[in-house]
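The values are calculated or read from the model by the stated rules, or taken from the named source; none is laboratory data. In this text the structure is predicted, and so the values were computed from the model without any measurement. In this analysis, Cβ positions are derived from the backbone assuming ideal geometry, glycine residues included, and neighbour counts consider all displayed protein chains. Note: accessible area is taken over every heavy atom of the protein model, side chains too, but ligands, DNA and RNA are not part of it. Shrake-Rupley method; radii C 1.70, N 1.55, O 1.52, S 1.80 Å.
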Amino acid sequence: MIRIKVPATTANIGPGYDVLGAALSLYACFDAELSDSLHIEGCPEEYRNEDNLFIRSYKKALDMSGRAYIPISLKEETEVPIARGLGSSSTCIVGGIMAANELHGLGLSKEDMVSLATSIEGHPDNVAPAIYGGVVAGFSEGGRVYCTGYCCDGEWRFVTLIPDYEVRTEDARRVVKKDIGLADSIYTTGHVTGLLRALETGDEELLSAACRDILHEPYRRELIPDYGKARELAVSGGAAAFFISGSGSTMMAAVKQGDREQRILEEFKQAFPGHRTLSLSICSEGAERMETR
């Protein structure tokens, strides 16, 4: 038996729409072993079949490597909520690919796994940090996926508010404008470069200025009823930045570790007692095989 541990991810991070992502200190674990027939536990009944995203990714990795499919017994244990903008689908995709690689000795590199995972997910902003860890920018060119990793100041904390409702990815995609002008493109490029520098250096003033988006958040915030109140609490509590995680409904306040972190966390808990609240850090390690007894 092998155990695969995959971090949750936050994608976009303000202006980095479909480009930036970061691995978070929230995890999904998958125990897998070869079996005579498919067996899945630890997830809702409707996912305990070959349509399970982990299994589909496992099978695709085998198919791409020219290997025959052998069923597995799978147990899922995850802290990552489904359909909340924290990369739950990416944990399954990456977990399935890594399980195939480990159980069948496919010899896939991280670059190979990112490429395969991107072909399943559609873009690398979640799967790349799930595999590499840390903050990652990714793009596709000429049929190849290119990823670059960035350092992140260890004092950053992301106070996370996870609503008890989801935002459908289809709806989040639908409300975003399909075409943008030159001025919006220039604005976004400049802000992304500042954002990466602010995360690296811990510069709160720079992050506050750089983590502003005009491509998706002005439209997606309308799909999240609690966005306005949550943002107000975060900003008044001293957060350097506030942004939607992925397509939502999860929201995050970026702040340095300390009193302000705790203040915002407590205010989120009091204002939204039905929602889940966490304080997360950047996970520098990507998906990994863990030792099992």
Please work out the ratio of the alpha-carbon Rg of the stretch 25-86 to 2.2 N^0.38 Å and round it to two decimals. 1.18
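What are the membrane-span-like helices in the chain by this rule: whole DSSP H runs, Cα extent along the axis at least 20 Å, mean Kyte-Doolittle hydropathy at least 0.5? If you can, show how the numbers build up before the last one.
Working: long enough: 88-104 (24 Å, 0.64); 182-201 (29 Å, 0.35).
Answer set is 88-104.
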Quick one: 3J(HN,Hα) in Hz for the stretch 210-226, Karplus 6.51/-1.76/1.60 with θ = phi - 60°, rounded, Gly and Pro as x. 7, 8, 10, 10, 10, 8, 10, 4, x, 9, 6, 4, 5, 8, 10, x, 8
In the stretch 152-205, the chymotrypsin sites (Phe, Trp or Tyr not before Pro) that sit in a DSSP loop and have at most 15 other Cβ atoms within 10 Å of their own Cβ are Tyr165
Name all residues of the stretch 1-32 having a backbone nitrogen under 20 Å from the label point set 7 Å from the Cα of Cys151 along its Cα→Cβ direction, giving them as ranges. 21-24
Add -39500 (n - 2.57) for each DSSP H run of 4 or more in the chain, then divide by its residues: what number comes out at 222 nm, to the nearest 500 deg cm²/dmol? -11500 deg cm²/dmol
Quote the relative contact order of the stretch 39-171 in percent (integer), defining contacts as alpha-carbon pairs under 8 Å separated by 6+ residues. 20 percent
Treat each spin label as a single point 7 Å out from the Cα along the C-beta direction, and report the Ser37 to Glu141 distance in nm. 5.1 nm
Order of exposure, largest accessible area first, which applies to Ser284, Ser90, Ser35 with probe 1.4 Å: Ser284, Ser35, Ser90
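Compute the relative contact order of the chain as a whole-number percentage, counting only Cα pairs closer than 8 Å that sit 6 or more residues apart in sequence.
Working: 632 pairs, mean separation 76.7, N = 293.
Answer for the chain is 26 percent.
Roughly how big is the chain's charge dipole about its Cα centre, with Cβ charges of +1 (Lys, Arg) and -1 (Asp, Glu), in debye to the nearest 20? Write down the numbers at each step before the final one.
On the way: 30 positive and 43 negative charges, 49 e Å.
So the magnitude is around 240 debye.
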Give me the one-decimal nm value for the distance between modelled label points at Tyr219 and Arg276, 7 Å along each residue's Cα-to-Cβ direction. 2.8 nm
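Determine, for the chain, the count of lysine pairs separated by eight or more sequence positions (or lying on different chains) whose alpha-carbon distance falls under 18 Å. Can you show the working numbers first?
Numbers: Lys5/Lys75; Lys5/Lys110; Lys59/Lys75; Lys59/Lys110; Lys60/Lys110; Lys229/Lys269.
Going through the chain pair by pair, I get 6.
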Would you pull out the residues with amide H under 5 Å of Thr78's amide H, same chain only if 5 or more places away, H placed 1.01 Å from N? Cys29
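Where the accessible area of the chain is counted over protein heavy atoms with a 1.4 Å probe, how much of it, in %, is carbon and sulfur?
On the way: 6240 of 13250 Å².
Roughly 47 percent of what the probe reaches on the chain is carbon or sulfur.
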Given a 1.4 angstrom probe, what's the average accessible area per residue across the chain, in square angstrom? 45 Å²
Using Cα-Cα distances under 8 Å and only pairs 6 or more residues apart, what relative contact order does the stretch 1-68 have, in percent? 25 percent
Report the local net charge at Glu232: Lys and Arg +1, Asp and Glu -1, summed over other residues whose C-beta lies under 13 Å from its C-beta. +1
